[in-house]
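To start, the structure itself, in structure tokens.
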Amino acid sequence: MKKIIFILSAIAVISCQEEPKDYVTFSGKITNKSSDSVVLRTRDYSKTIKVNEDGTFSDTLKVETGIYNFFDGNESANVFLKNGYDINMTLDTKEFDETIVYTGTGSEHSNFLTEKSLKEEKLLNIDELSAITDMAELDIAMANIKTELNEFYASKTGIDSSLINSGVKDIEPMVKFYKGYLADAISLKTEFPVGAPSPTFVDYENIDGTTTSLEDLKGKYTYIDIWATWCGPCKAEIPSLKALEKEYHGKNIQFVSLSIDDDRSHGGSWDKAREDWKAMIADKELSGIQLFAPEGWQTPFIREYKINGIPRFLLIDPNGNVVSPDAPRPSSEKLIELFNTLDI
């Protein structure tokens, strides 16, 4: 009888146990929210979640296990989701990446993704790495970065193996990409040393219908932004560039934006390229000297400066000589440091 009672009790306990959740609960609170909603997305999935007035949000979703991009309307971060997880996220948009914290079941994997992102950002800081001046020094720096990243992944026990394996697999191509970029920058500085005559351009189309040549710009320092309307990173620099123009208005420097929009990026039409260029200048209320490169990527001035990716920034002195063939971006503190060394 005792055995029967025990068996019946065990069956009762088992039958009362809650079935494993076949969904993930995702909630959080955003300080200084950017939007009234957030989006979780992958290439094949998108879910919009309402954000309340106090910055809180919550939803349940059925997902395929993996990395999802969390977008708050302004910035984004990666989160690892799996059915059965119960994850709460907190962040302050004023310091987006630095303040993201996940708690709850399964949160350790998402916290790892945040730590990974910050680690890579710190190690592969272009502003810092751009100070490297020769290939031997670059080789040493890249080898050290590879070692530190491998040690970082090896130290992460208890993290989903797919995340660790993916991170380790990405080290080599990621470091190779940055090394190539920085090697090109070192080569540029060798080919265009400070004080060397800058390549020139003549009679480029101006937004006001006139034309401008580099010769016309002599007498002041000239900071040139090479950009295009379709370039996301270019557009991300616009607020910083506008602030810079305002801060240095009336000083010994002028700001030039040179668009390389062309027919290939605008449905085969040069007219459409110019139309989109003019529309964005109006929409973004861009100031400074706005020029249009006559042959897009193939424009001689662009080719001579070996510009294969944008945005790219050039700094030329009042005599038409090179100060930097690969100047810091408007958003970089290094640019102000550079300006402070000049008679601006």
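The values are calculated or read from the model by the stated rules, or taken from the named source; none is laboratory data. Computed from a prediction, not measured in an experiment: that's the story for all the values here. Glycine gets a Cβ as well: all are built from the backbone with ideal geometry, and neighbour counts include every protein chain shown. Just so you know, the surface numbers come from the protein's heavy atoms only, side chains and all, with ligands and any DNA or RNA stripped out. Shrake-Rupley method; radii C 1.70, N 1.55, O 1.52, S 1.80 Å.
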Checked region 325-344 for anything in contact with a Lys or Arg (Cβ under 8 Å, 6 or more places away or on another chain) and of a type outside the set (V, I, T); matches are P325, D326, P328, L335
Verdict on L241 being over 30 Å from L138 (Cβ atoms) and among the hydrophobic types (A, V, I, L, M, F, W, C): no
Kindly indicate whether any position in region 20-33 is over 29 Å from A236 (Cβ atoms), loosely packed, with under 14 Cβ neighbours inside 10 Å and in contact (Cβ under 8 Å) with a residue 60 or more places away in the chain. yes
Taking region 34-59 as the region of interest, how many residues are small (G, A, S) and open to solvent by 40 Å² or more (accessible area, probe 1.4 Å)? 3
Selected residue (criterion: most open to solvent (accessible area, probe 1.4 Å)) from residues of region 285-323 that are over 24 Å from I207 (Cα atoms) and at pLDDT 95 or above: N319
Which residues, counting only those in region 60-74, are of a type outside the set (F, W, Y), closer than 14 Å to L91 by Cβ and surrounded by 17 or more Cβ atoms within 10 Å (Cβ to Cβ)? D72
If we scan region 188-205, do we find a residue that is of a type outside the set (S, T, N, Q), within 19 Å of the chain's Cα centre (by Cα) and open to solvent by 20 Å² or more (accessible area, probe 1.4 Å)? no
Within region 260-273, can you find the residues that are open to solvent by 40 Å² or more (accessible area, probe 1.4 Å) and touching a residue at least 24 places away in the same chain (Cβ under 8 Å)? D263, R264, S265
Residue that is farthest from the chain's Cα centre (by Cα), among those in region 255-310 that are part of a loop (DSSP other than H, G, I, E, B), closer than 20 Å to E191 by Cβ and of a type in the set (V, I, T): T299
Return the only residue of N83, N78 being open to solvent by 50 Å² or more (accessible area, probe 1.4 Å), under 24 Å from G167 (Cα atoms), over 27 Å from the mean Cα position of the chain (by Cα) and not β-branched (V, I, T). N83
Note down all Cβ pairs under 7 Å where the first residue falls in region 111-139 and is charged (D, E, K, R), the second is part of a helix (DSSP H, G or I), and they're at least six residues apart or on different chains. K116/G167; K119/F152; D127/K334; D134/I186
For region 197-214, which positions are among the aliphatic types (A, V, I, L, M) and not in a loop (DSSP other than H, G, I, E, B)? L214
